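Take a look at this one; I'll ask things after.
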Amino acid sequence: MLQWVKRYLVPILCIIGVFSPIIGMSLIDTFYYSTVFGWIFGFCCFVISYIIVSKRPDDEEETTSTPSATES
């Protein structure tokens, strides 16, 4: 289960980031500032997913760069 979460964490965060303002707008009758909190939460989800992607090592670059490094 943990491997599945690690693998699909970025798409899950992006989906939550897209739907959180919509959910916040639908909850405007319950709480007046829910739209603002929805937009802030969505933005935070996108920022966290960007940080995860930028810090994650690229497996494809390592595999393609290793053979060329050994040839020279």
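In whole Hz, what ³J(HN,Hα) sequence does region 11-17 give by Karplus (6.51, -1.76, 1.60; θ = phi - 60°), x for Gly and Pro?
After applying 6.51 cos²θ - 1.76 cosθ + 1.60, I find x, 5, 5, 5, 5, 5, x Hz.
Another question about this same structure. Express in nm, to one decimal, how much length is gained between residue 3 and residue 39 on full extension, taking 0.36 nm for each residue of separation and deducting their alpha carbon distance.
Gain in length upon complete extension: 10.1 nm.
So if R0 is 25 Å, what FRET efficiency would residue 19 and residue 55 give, r being the distance between their Cβ atoms, rounded to the nearest 0.05?
Here the calculated transfer efficiency is 0.50.
Among 46, 8, 22, which residue has its Cα furthest toward the positive end of the charge dipole of region 1-60, with +1 on Lys/Arg Cβ and -1 on Asp/Glu Cβ?
8
Find out how many positive minus negative residues lie around residue 9, taking Lys and Arg as positive, Asp and Glu as negative, among other residues whose Cβ is under 13 Å from that of residue 9.
+4
Taken together, the values in this text are just the output of simple stated rules run on the coordinates, not laboratory data. All figures in this text were calculated on a predicted structure; none of them were measured in a lab. A quick note on method: Cβ atoms are made from the backbone with ideal geometry, for glycine too, and the neighbour counts reach across all protein chains shown.
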